Amino acid sequence: MLHFKILYDIIITGGIDMKKKIIKQIPNIITITRIISLIIGFILFCKEKFLYAIILYIYGAVSDFFDGYFARRLNAYTKLGKYLDAISDKLYSFSVMILLIINRSILIVIPLLLEGIISFVNYKIIIKYKSTHTERVGKHKMNLEFLMLISSMISIKIKYFSVVFYIFLILTIYFQIQTIISYINQFHNKSKE
C-alpha cells in the first residue's frame, strides 16, 4: 500500500510541478518562435516572397507584445527569457535594416547606427552591473521601430506607403536618442526607473 501512495505522490506532485514548469516556459516558447519566424522571413524576403516575409515580420512584432504579456501574467520571468527577448528584438531590427539597405533604403542607416549604440551601452551596463533593465522609453522605441520597419518593407512594393515610413522613421530616431540618453543615465546610476 505504501508503494501506491509514493507512486501517487510522484505522479500527482510531479505532474503539477511539470505543468507549472511548462506554463512558465510559454513566454520563452513565443520568443523562440519569433526568432524562427524572423529567420524564415529574412530568407523569404531575399527570395522576393514579400507577402509571406511581411506576415512573418508582423508576427514577430505582435509576438513581442505577447511574450511580455504572458511573462507578466504568469509571473514567468527568467534570465533566459530576458536574454532571448533582447536577442530577438535586435535580430528583428538588424535583419530588416539589412534587407532595407540591400533594397537601397539608405535612410535606414541612421536607426541602424543608433540601434548599434543602444546595444553597446546596454552591453556596458551589463559589464558594470551584471544586469540591466529595459527602460520604458526603450519599450516605446521598440514598438515604433516595429512599425517603422514593417512600413518600410511595405513601401518597397507600395511606393506611396513611403510617407508612413518617413513618419515612423522620424519618431523612431527621436525615441532611439531618448533611449540612448536613458541607458547612459542607467549606466551612471541616474535612471529614473
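What do you reckon, is SER63 of a type outside the set (Lys, Arg) and modelled with pLDDT of 85 or more? So SER63 fits the description; yes.
Only one entry of VAL109, VAL163 meets the criterion of being out of contact with any Lys or Arg (no Cβ under 9 Å at 6 or more places or on another chain) and more than 24 Å from ILE39 (Cα to Cα), and that entry is VAL163. Scanning segment 122-138 for any residue that is modelled with pLDDT of 90 or more, more than 16 Å from the chain's Cα centre (by Cα) and among the hydroxyl-bearing types (Ser, Thr, Tyr) turns up nothing. Candidates PHE168, PHE94, PHE175, PHE187: the one that is touching a residue at least 12 places away in the same chain (Cβ under 8 Å) and in contact with a His (Cβ under 6 Å, 6 or more places away or on another chain) is PHE175.
Scanning segment 124-147 for residues that are within 14 Å of THR179 (Cα to Cα) and in a helix (DSSP H, G or I) yields ILE125, ARG136, VAL137, GLY138, LYS139, HIS140, LYS141, MET142, ASN143, LEU144, GLU145.
Filtering segment 87-142 to residues that are among the charged types (D, E, K, R), surrounded by fewer than 21 Cβ atoms within 10 Å (Cβ to Cβ) and closer than 20 Å to ASP67 by Cβ leaves LYS90, GLU135, ARG136, LYS139. Show the residue pairs that are 6+ apart or on different chains and have beta-carbon atoms under 8 Å apart, the first residue being within segment 30-55 and in contact (Cβ under 8 Å) with a residue 40 or more places away in the chain, the second being among the charged types (D, E, K, R) and in a helix (DSSP H, G or I). Here the result reads ILE30/ASP67; THR31/ASP67; THR31/ASP85; ARG34/ASP64; ARG34/ASP67; PHE50/LYS157, each pair linking segment 30-55 to a residue that is among the charged types (D, E, K, R) and in a helix (DSSP H, G or I).
Scanning segment 47-61 for residues that are farther than 26 Å from TYR123 by Cα and in a helix (DSSP H, G or I) yields PHE50, LEU51, TYR52, ALA53, ILE54, ILE55, LEU56, ILE58, TYR59. Of all the numbered requirements in (1) out of contact with any Ser or Thr (no Cβ under 8 Å at 6 or more places or on another chain); (2) crowded, with 19+ Cβ neighbours inside 10 Å, LEU149 misses one, and that requirement is (1). A count restricted to segment 104-123 and to residues that are of a type in the set (Gly, Ala, Ser) and in a helix (DSSP H, G or I) stands at 2. In segment 68-86, the residue that is surrounded by the most Cβ atoms within 10 Å (Cβ to Cβ) out of those that are outside any helix (DSSP H, G or I) and either on the phi < 0 side of the Ramachandran plot or touching a Cys at 6+ places or on another chain (Cβ under 8 Å) (or both) is ALA76. No other residue among ILE158, ILE173 is of a type in the set (A, V, I, L, M, F, W, C), open to solvent by 30 Å² or more (accessible area, probe 1.4 Å) and under 19 Å from SER119 (Cα atoms) apart from ILE173. When the test is whether a residue is farther than 21 Å from ILE181 by Cα and open to solvent by 90 Å² or more (accessible area, probe 1.4 Å), TYR57 does not pass it. Taking the options SER151, SER119, name whichever one is under 18 Å from the mean Cα position of the chain (by Cα), closer than 24 Å to TYR59 by Cα, among the small types (Gly, Ala, Ser) and modelled with pLDDT of 90 or more. The match here is SER151.
The values are calculated or read from the model by the stated rules, or taken from the named source; none is laboratory data. Since we're looking at a predicted model, the values are computed, not measured. Positions of Cβ are backbone-derived with ideal geometry, glycine not excepted, and every protein chain shown enters the neighbour counts. Note: accessible area is taken over every heavy atom of the protein model, side chains too, but ligands, DNA and RNA are not part of it. Shrake-Rupley method; radii C 1.70, N 1.55, O 1.52, S 1.80 Å.
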